[in-house]
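J.: Right, I'll just put the structure down here and ask away after.
Rule-based calculations on the coordinates, nothing more; no lab input. Since we're looking at a predicted model, the values are computed, not measured. Quick reminder, even Gly has a Cβ in these numbers, built from the backbone with ideal geometry, and neighbours come from all protein chains shown.
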Amino acid sequence: MSEAIQDDKVIVFKLKDEEYGIPIENVGSIERIFNITRVPRAPKFVKGVMNLRGVITPIIDLRERFGLEQIEQTESTRIIIINVDGKSIGVVVDAANDVVDVPHDIVEPSPEVVGSINADYIRGVAKVDQRLLILLNLDKVLSEEEFEQLSTID
Amino acid sequence: MESNQYLDVFIDESKENLQVVNDGLLELEKEPTNLSIVDEIFRAAHTLKGMSATMGYDDLSDLTHKMENVLDAIRHEKVSVNSDVMDVLLNSVEYLEDMTADIAEGGNGSMNVGTVVSQLKAIEAGEAIPDKYTTEAANESAATTTNDEPKTSSSNTLTVDQFEQTVLEQAKIDGQSVYHITVSLSEDCLLKVARVYMVFEVLEQSGEVIKSVPTVDELENEEFDQSFDIILVTSDNEDDLQAKIMKVSEVREVTIQPFDAEANQSIQEQEQSSDESESDEQSETPQKNESNDNGGEQKKAAGNKTIRVNIERLDALMNLFEEMVIDRGRLEQISEELNHNDLKGTVERISRISGDLQNIILTMRMVPIEQVFNRFPRMVRQLTRELGKDIDMQIEGAETELDRTVIDEIGDPLVHLIRNAVDHGIETPEERKSKGKPGQGKMLLKAFHSGNHVFVEIRDDGQGINKEKVLQKAIDNGVVSAEQSSSLSDKQINELILASGFSTAQEISDISGRGVGLDVVKSTIESLGGSIEIESEFGKGTTFSIQLPLTLSIISVMLVVVEQETYAIPLSSIIETAVIKRSEVMKAHNKEVIDFRGHIVPLVDLRNVFEVPKANDDEEDYYSVVVVRKGDQMAGLVVDSFIGQQEIVLKSLGDYLSNVFAISGATILGNGEVALIVDSNALIK
């Protein structure tokens, strides 16, 4: 992640009670959830695949990924299509409805106590207008091991 | 350099020409006395030389030139064809191929070819360099082959021989004009050859070049000063021609005058009576490389009606068409729901037309497997010489067509299998004789269509697979356990050699045992949606049989429902579907099996394999079974219901999910949902 990206706009999404941010450059689109086809024997956090305008796109359940409890889909459930390394992946989030400017200087390193979440995922924490945003490191959300795991399931 | 725009064409054509040379040489080896083959090789080599010289690839043209000299010597029976000569020639072709490949990859095609060049020279010099020819036939080209004779390129007159005379007369009868054109290039011209090439291009568009002085050969080698002369038959007029030629940059002057064929008639006659005739009032330069020139010209003139299309464009077309197939599915569904007659009729028509369109697009991407097969005879020949074996390789069905994508991928596995057959399959001549077999081994490479598939077989009459040894090795290497091994069929044992972690070669040889086993072959073929089988009889030989899909992108499938989920099973692997009473299901070895037309077929419940969440626990009285096969083996896939047959576009699951068990891909159904494609091969053990 370059410095320039760091103080750019982020898309804010909700997962349980917390708000997360991902750089807008990495976001392809935000979709409503529909017709996900389950992929048998895939890792649990892979919710399945979806037809995204003719492209088969894998969908990751971030709640499962972060070890949060499952909830029913709601009106506000969204899939954020993110592009990492030229590949598209959809992540399921509780809600996505905001774009926030995060000035570079207010980003603080992630606190040590982040519960079950591997601190690697987190680039930093920013406090913007009384909201605490957890900025994600997309490369790490699907970390190397995860990529490997994903491509060697059988 | 503006020749860049010709680079693609150059590379394609060079490859074609090299292939012709290659095929010709192998042919020649079988029939060393058939000089018409030499002519053909010569022509291809000649074209190649000319093109590479024009493009400025000196090493390439040099080597071709040396080769040409040897070929010429063969043609004039100065050098006899034996396997040493063939070795050197084939070796040169290999160098040429490497150079072309280098150029294709953006290199300059330069290579150290000293050894092979000196070998070629040695062959050529093996006989005295010919000055005179005794045979009548050789007489005609005598003057030309000695390229070193002093040029009088400044000469502005031309003579024509009998054949050319006839052409000229015919042209006059047809109302075309014959011109004698003298083109002078400006003195500071750097790329004379390129200019000549461009001038010829222009001329060939307007008519036919009958003759040039100096010869095309010499022009290509830049063996001329600033000007050259051409006889052209054309229907254009002088001024037009003049203007056209002057458009080529660095042309200083063009003079065009009508060529008087009649006046030449007398010269011609004189010439015939006395070969060295120069008694004409015009000073002459008898440059008569007719056989070469005509050969070259004919090749250019005989353009077949094809165009080269970049494969990317075809891919783009295919992608667009795939989108359309998906929407077609959707349209069909909608019209079914709406039940409107006109709509239905139109949709049916669209379906039919797009079906035809699909056929055309698919066939457009088809290329004969020849492309891949072509390189094998030489490879086998080389291997046999290295290994001291004697193998007669036959190729059948090289014209069989396959999708370009499959062709691109299938080369390496085939190389592997063929090397394997040469190295481990076929024995040395002594060994063969001691076994009472003919000393020369036979290898057959065969391709044929069958249904929606193409089969490629590699058959040898070598020693076959030693089952005990294979089994022992498999147990040693932990590929199978000793208990498992007792229940394996012969076929299964043969197929162990394809298992990963297995390699039977006693010692690692250069040819095949390079640590990469046949498992790579198997996985490549399977990744193409194909399969491989081995039949072998110990002592008699082995047959590898590869089954490949005709195309990779659009396939016919049977859609089935398992609980709430829809899966697609490729039609190619389905034998039939059946509905079977629960009471007819039997148990064997604790597995559910059915009696299917006299065969015991194990049942595989997709619900369990795919861990489908259960919607209800009701046990139904009937099983819906899709009987699939992999080779001789069958399995019955238990599903909930059948939807029907459909053409679908095969899509990959993407990089993240590339290795899901028993799923080979996905497709988008008419309603926009994704259905997974079942890889039934993975379900049959």
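J.: What does the average come to when, for each residue of peptide A:34-44, you count the partner chain Cβ atoms lying within 10 Å of its Cβ?
T.: Taking all residues of A:34-44 together, the mean is 6.
J.: I've got another one for you. Counting partner chain Cβ atoms within 10 Å of every residue's Cβ in B:667-676, what's the average?
T.: Rounded to a whole number, the mean comes out at 5.
J.: For each of B:T166, B:T234, B:T64, A:T77, count neighbouring Cβ atoms within 10 Å of the residue's Cβ, then give the residues from fewest to most.
T.: B:T166, A:T77, B:T234, B:T64
J.: Which ³J(HN,Hα) values, rounded to whole Hz and listed in residue order, are derived for the range B:22-27 from phi using the Karplus coefficients 6.51, -1.76 and 1.60 in 6.51 cos²θ - 1.76 cosθ + 1.60 with θ = phi - 60°, glycine and proline given as x?
T.: Values, residue by residue: 4, 4, x, 4, 5, 4 Hz.
J.: Something else now. If I take R0 = 30 Å and measure r between the Cβ atoms of B:Q645 and B:R375 in this structure, what FRET efficiency does the formula 1/(1 + (r/R0)^6) give, to the nearest 0.05?
T.: It comes out at approximately 0.15.
J.: With Cβ to Cβ distances under 12 Å as the rule, what net charge do the other residues near B:L314 carry (K, R +1; D, E -1)?
T.: Neighbour charge sum, excluding B:L314 itself: +1.
J.: Working out 0.36 nm times the residue gap between B:R252 and B:E204, then minus their Cα-Cα distance, what length gain in nm do you get to one decimal?
T.: 15.3 nm
J.: Still on this model: Put a dot 7 Å past each Cα toward the Cβ at B:L571 and B:E323; how far apart are the dots in nm?
T.: 2.6
J.: Here is a follow-up. Between B:E27 and B:D519, what length in nm is gained on full extension when 0.36 nm per residue of separation is reduced by their alpha carbon distance?
T.: 173.7 nm
J.: Skipping prolines and chain starts, which residues have an amide H placed within reach, meaning under 5 Å, of the one on B:D390, given they are 5 or more residues away or on another chain?
T.: It is B:G441, by chain and number.
J.: Now, a different point. Please give the FRET efficiency for B:T428 paired with B:Q484, using the beta carbon to beta carbon distance and R0 = 30 Å, rounded to the nearest 0.05.
T.: Using R0 = 30 Å, I get an efficiency of 0.30.
J.: Still on this model: Simple spin-label model, 7 Å along Cα-to-Cβ: A:Q130 to B:N341 in nm?
T.: 6.9
J.: Something else now. Of B:Y197, B:Y57, how do they rank once you tally other Cβ atoms within 10 Å and put the fewest first?
T.: Least to most surrounded, the residues fall as B:Y197, B:Y57.
J.: Taking H as built 1.01 Å from N, whose amide H comes closer than 5 Å to the amide H of B:D640, not counting residues under 5 places away?
T.: Amide H to amide H, under 5 Å and 5 or more residues apart or across chains, B:D640 pairs with B:V561, B:V562, B:E563.
J.: For a test of the definition: using alpha carbon positions, the gyration tensor, and the 1.5 limit on a/c, classify the range B:182-234 as rounded, prolate or oblate.
T.: prolate
J.: Debye calculation, C-alpha points only, no solvent: report log10 I(q)/I(0) for the range B:162-264 at q = 0.11, 0.15, 0.23 Å⁻¹, in the same order as the q values.
T.: Reported log10 I(q)/I(0), two decimals: -0.31, -0.57, -1.24.
J.: How far is it, in nm, from the label point at B:Q440 to the one at B:K244 when both lie 7 Å from their Cα along the line to the Cβ?
T.: 5.2
J.: Between their Cα atoms, which of B:K446/B:K491; B:K66/B:K121; B:K469/B:K522; B:K522/B:K651 are more than 18 Å away from each other?
T.: Result: B:K446/B:K491; B:K469/B:K522; B:K522/B:K651 exceed 18 Å.
J.: Within 10 Å of each residue's Cβ, count the other Cβ atoms and sort B:M198, B:M246 from fewest upward.
T.: Listing B:M198, B:M246 from fewest to most nearby Cβ atoms yields B:M246, B:M198.
J.: A further question on this structure: What list of ³J(HN,Hα) couplings, whole Hz, do you get for the range B:530-542 from phi and the Karplus terms 6.51, -1.76, 1.60, once you set θ to phi - 60° and write x for glycine and proline?
T.: Per-residue couplings from phi come out as x, 8, 10, 10, 10, 10, 8, 10, 4, x, 10, x, 9 Hz.
J.: Ok, one more. Taking 22 Å as R0, compute the FRET efficiency from the Cβ-Cβ separation of B:D188 and B:V9 and round it to 0.05.
T.: 0.20
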